[in-house]
1. Report the net charge of residues surrounding Pro114, where surrounding means a beta-carbon distance below 14 angstrom and charges are Lys +1, Arg +1, Asp -1, Glu -1.
2. With each pseudo-label sitting 7 Å past Cα toward Cβ, what's the Asp55-Ile99 distance in nm, one decimal?
3. Could you calculate the FRET efficiency of Gln36 with Lys144 from 1/(1 + (r/R0)^6), where r is the beta carbon distance between them and R0 is 22 Å, rounded to 0.05?
4. For the stretch 92-135 and the stretch 25-63, what is the separation of their C-alpha centers, rounded to whole Å?
5. For the pair Lys88/Ser64, report the inter-label distance in nm, with labels modelled 7 Å from Cα in the Cβ direction.
6. Subtract the Cα-Cα distance of Gln47 and Gln72 from 0.36 nm times their separation in residues, and report this length gain in nm to one decimal.
Amino acid sequence: MKKIILLASLLLSSLCANAFEFDGIDLNGSYNKIIQEIAKRGYTYNQERNCLQGDCRGQHIYMSANYLDVAQPGHLGQLIVDVPTEGKAELVLKYYTEILNILYHQVDSHDGVPTYLVDKDGTQLKLQVIDGYARLTYNTPYYKVKTAKK
């Protein structure tokens, strides 16, 4: 239960004010600037998970970036943040969906994955619970969605 409360405070504190920012990092900046800002915050590489790890406002998180699937090279397509949680996945998802429904406009919910519009620039946030982690996927306006080949 304590982890659920910590995750709620992380969501509320990191998603208020300027939603296109994560922990004070402008996700619409150049990829190089984003990486510099992440490095300044002390995130380190976790070889086992193939991502960065560190503390965001007192909560340990794992973070990865998609800079390959972009419409404009040199920008960030997605920022994926995994926050450890405890409890049944469906309860965790329900709880955080209710919180995000208060903060943002839900634009879609496909296969139980709610999607929120978090900024006027088109940045969207998807929420999933996967293997004991709440996954926040920020899709920036530069993200180029992969389409299946026919």
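1. It works out to a net charge of -1.
2. Taking the simple label geometry, Asp55 and Ile99 are separated by 1.9 nm.
3. E between Gln36 and Lys144, to the nearest 0.05, is 0.40.
4. Result: 21 Å between the Cα centres.
5. Here the answer is 2.9 nm between the modelled labels.
6. Stretched out fully, the Gln47 to Gln72 stretch lengthens by 6.2 nm.
Every read-out reported here was derived from the displayed coordinates using simple, explicitly stated rules and does not represent laboratory data. These numbers were taken from a predicted model, which means no experiment stands behind them. All Cβ positions, glycine included, derive from the backbone under ideal geometry; neighbour counts span all protein chains shown.
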